[in-house]
Amino acid sequence: MIDLVASEWLKLRSLRATYYVLAATLSAVVLTGFAAYSISRYFDTHGPGGDAVGTGLGLSADLPPVLFGMLGVFAISGEYTTGMIRLTLTTIRSRWTLLLAKAAVVAAMAAVAGQALAFATYFTAQAVVAGRPIGASFAEHTALTEVLTSGAGAAVAGVLGLGLATVLRSTPGALIALVVLPLAPTVLERFLPAPWNDWVSSLTIPSLTRQLAAVPDAGAFGPATAATVLVGYVVLSLLPATVAINHRDA
Amino acid sequence: MIEVTELTKRYGSTRAVSGLTFRVEPGQVTGFLGHNGAGKSTTMRMILGLHRPTSGTALINGVRKQDLRDPMREVGALLDAAEVQGGRTAFAHLQALAYAGGIGRRRVVEVLEEVGLAGAARKRIAGFSQGMRQRLGIAAALLGDPGVLILDEPVNGLDPDGIRWLRTLLRSLAGEGRTVLLSSHLMTEMSLTADRLIIIGRGRLIEESTTADLLARFQSGVLVRSPHAARLSRALEAAGATIRSAHDAQAVEKPAPARPTNTAAPTHPSQSSRLGEEPAHARPAGTKAATHPSQDFRLSEEPVPGRLVAAGIEARAARDAGGEELLVTGLTAAAIGDIALAHGCAVHELVPRRTSLEEAFMEIAK
């Protein structure tokens, strides 16, 4: 298993798509900077009463899960589209271990990169806010935890993308699913009666990571429920993918 | 050792492989022959545990591929050299595969040198030619130094040098006691590389025999040229042989003028086809290799083109010099030579005439 993880780690590192995705996550930092700047301007001209920047993470929260999901997609979809999966499968004993090794390296890379991104986003937002009382200091309740749970959200998103790509075996298919799925709760929320709308909108990954950090008014669930749902996403992604990779002809 | 027993694969209503049974023994190169779509690749994928058989078993060293304890060290495979991710360097590609089997960096360097890609190790695979990809695929198959090698169409895209290199490599691997199974639709190449042949058509086993046996079975007479043809004919007929004038025989057997006859074969310009090399652009899509009109498929013990050209010139000189050609069936070349000597007949040419393996294959696979 350690051998397989080493192998998959090298594969992920030597994939160009990996670097494209990681570079693209910087867009979240840029976006947050712009948003924080415009909120700060509003504060300067209108005084308090407008939106707060807070940690800044919420301003671009929808981007990282999609991008880290793509990291997971590319970790296997390239093998399916080129056919290299066949060569890979001839070298290993059991197929599910391959999936597990891929999940491990994707989750690890996404967690580290997601965490770094969260800190970068936070510090960018605070730098733009520059001492106005609309930011969030780490001394404040939940500010640090909100940043620290972002890595977990990124890891879950990565595994989700991996699972989707394994089941669909197609890069475009997985990418479309990855963009549409996170939108679903936002759309459904409008049609559902309370408290269902609240519950459904609390199921998105950015919302769950905030609930995990016990950020006030982040959603309908507490940290324990949020953690359970996130783990549930991992299981729900990997189970069908394991069945698919084990039983399908390659 | 590879054992395939009653192997069947159905995709929906089509039977890709049906009731296939054969063994691939260690210490030999075994050729797996069949037209495109005959079921070669499907069979190989089932042996490698990539496709699940509808019924029957395919075993490597007595167990199914998925039950091998250390798959990379027991079996190496080349399925399709194009199936690689081009963004990686050759080294990273092989190293990633090697890690999965707990194989170290030194072995990666070793196989890269063995296949002649050491200089391109740090280049992206996307820029590789088809021949380089084929070498990379072979390197991947060799990584674990496995006892069983399964190669699907390994000569595709290799240049004549590459084909000769691969042939030598495969023969030496088999010589070390390994099991080598390689598929091809190029019969001539197979006759030079493989000790045994397994021929399939429409997913069924057609023939399993040694290359020598198969060739012997399709030997069709001995071509004799002699200035004393009339006297020799009588003597040979007395010994039980059937004689035809070679020209008549050719006229009957080879009505197509574009097709090189056996006697004319050595002078044919497309000598490179002896090496199994076949330029893809010269072959219209869907045309079987065996029907390619410009190819010379006559088998020869001596594949060196220069010698063949020389032999061709000699043969033409002999023909120009006169002497009648006889096509003798029912006696071996050795017996004919002895009879000629006993009757004091000079013999200028004595050539066992074989049906080419391509022709034999076409006949078998009908």
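The values are calculated or read from the model by the stated rules, or taken from the named source; none is laboratory data. If you're wondering where the values come from, they're calculated on a predicted model, not measured in any experiment. Glycine gets a Cβ as well: all are built from the backbone with ideal geometry, and neighbour counts include every protein chain shown.
Would a scan of the stretch B:232-247 turn up a residue that is at pLDDT 80 or above and assigned to a strand (DSSP E or B)?
Here is the first cut: in the stretch B:232-247, the residues at pLDDT 80 or above are B:232-243.
After this cut, where a residue has to be assigned to a strand (DSSP E or B) as well, the list is B:242-243.
There is at least one residue in the stretch B:232-247 that is at pLDDT 80 or above and assigned to a strand (DSSP E or B).
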Among the residues listed as A:Leu212, A:Leu208, A:Leu192, the single one being touching a residue at least 60 places away in the same chain (Cβ under 8 Å) and either more than 30 Å from A:Arg86 (Cβ to Cβ) or within 14 Å of another protein chain (Cβ to nearest Cβ) (or both): A:Leu212
Single unsatisfied condition, B:Gly177 versus (1) assigned to a loop (DSSP other than H, G, I, E, B); (2) surrounded by 19 or more Cβ atoms within 10 Å (Cβ to Cβ): (2)
Residues within the stretch B:76-93 that are more than 7 Å from chain A (Cβ to nearest Cβ) and either free of Cβ contacts under 8 Å to residues at least 12 places away in the same chain or crowded, with 22+ Cβ neighbours inside 10 Å (or both), tallied: 5
Output for the stretch B:47-64, where each listed residue is within 11 Å of chain A (Cβ to nearest Cβ) and within 26 Å of the chain's Cα centre (by Cα): B:Ile47, B:Leu48, B:Gly49, B:Leu50, B:His51, B:Ile60
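In the stretch A:89-98, which residues are within 27 Å of the chain's Cα centre (by Cα) and within 20 Å of B:Ala98 (Cβ to Cβ)? Lay out the reasoning, then the answer.
The first filter runs over the stretch A:89-98 and keeps only residues within 27 Å of the chain's Cα centre (by Cα), leaving A:95-98.
Those that are within 27 Å of the chain's Cα centre (by Cα) and within 20 Å of B:Ala98 (Cβ to Cβ): A:Arg95, A:Thr97, A:Leu98.
Report yes if some residue within the stretch B:14-30 is over 19 Å from the mean Cα position of the chain (by Cα), within 13 Å of chain A (Cβ to nearest Cβ) and in a helix (DSSP H, G or I); otherwise report no.
Applying the first criterion (over 19 Å from the mean Cα position of the chain (by Cα)) to the stretch B:14-30 yields B:14-21.
Still in the list and also within 13 Å of chain A (Cβ to nearest Cβ): B:16-17.
Narrowing the set further to residues that are in a helix (DSSP H, G or I) leaves none.
Taking every residue of the stretch B:14-30 in turn, none turns out to be over 19 Å from the mean Cα position of the chain (by Cα), within 13 Å of chain A (Cβ to nearest Cβ) and in a helix (DSSP H, G or I).
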Selected residue [within 12 Å of chain A (Cβ to nearest Cβ), more than 17 Å from A:Leu10 (Cα to Cα), over 25 Å from the mean Cα position of the chain (by Cα) and aliphatic (A, V, I, L, M)] from B:Ala96, B:Ala100, B:Ala126: B:Ala126
Positions within the stretch A:43-61 being assigned to a helix (DSSP H, G or I) and surrounded by 15 or more Cβ atoms within 10 Å (Cβ to Cβ), in sequence order: A:Phe43, A:Leu57, A:Gly58, A:Leu59, A:Ser60
Qualifying residue in the stretch A:104-117 (condition: within 14 Å of chain B (Cβ to nearest Cβ), within 30 Å of B:Ala139 (Cα to Cα), buried (at least 19 other Cβ atoms within 10 Å of the Cβ) and in contact (Cβ under 8 Å) with a residue 12 or more places away in the chain): yes
Lone qualifier among A:Val21, A:Val5 - being surrounded by 15 or more Cβ atoms within 10 Å (Cβ to Cβ) and more than 9 Å from every other protein chain (Cβ to nearest Cβ): A:Val21
Residues being of a type outside the set (A, V, I, L, M, F, W, C), within 15 Å of A:Gly131 (Cβ to Cβ) and at pLDDT 90 or above - total across the stretch A:26-59: 1
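For the stretch B:48-161, give me every one of the strands (runs of 3 or more DSSP E) that falls completely inside it and has 1 or more residues that are out of contact with any Asp or Glu (no Cβ under 8 Å at 6 or more places or on another chain). Even if it seems obvious, please write down each step before you answer.
Values: elements: B:55-60, B:75-78, B:148-152.
The qualifying strands (runs of 3 or more DSSP E) are B:75-78, B:148-152.
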Enumeration of residues in the stretch B:316-335 that are more than 13 Å from B:His348 (Cβ to Cβ) and either of a type outside the set (S, T, N, Q) or at pLDDT 85 or above (or both): B:Leu327, B:Val328, B:Gly330, B:Leu331, B:Ala333, B:Ala334, B:Ala335
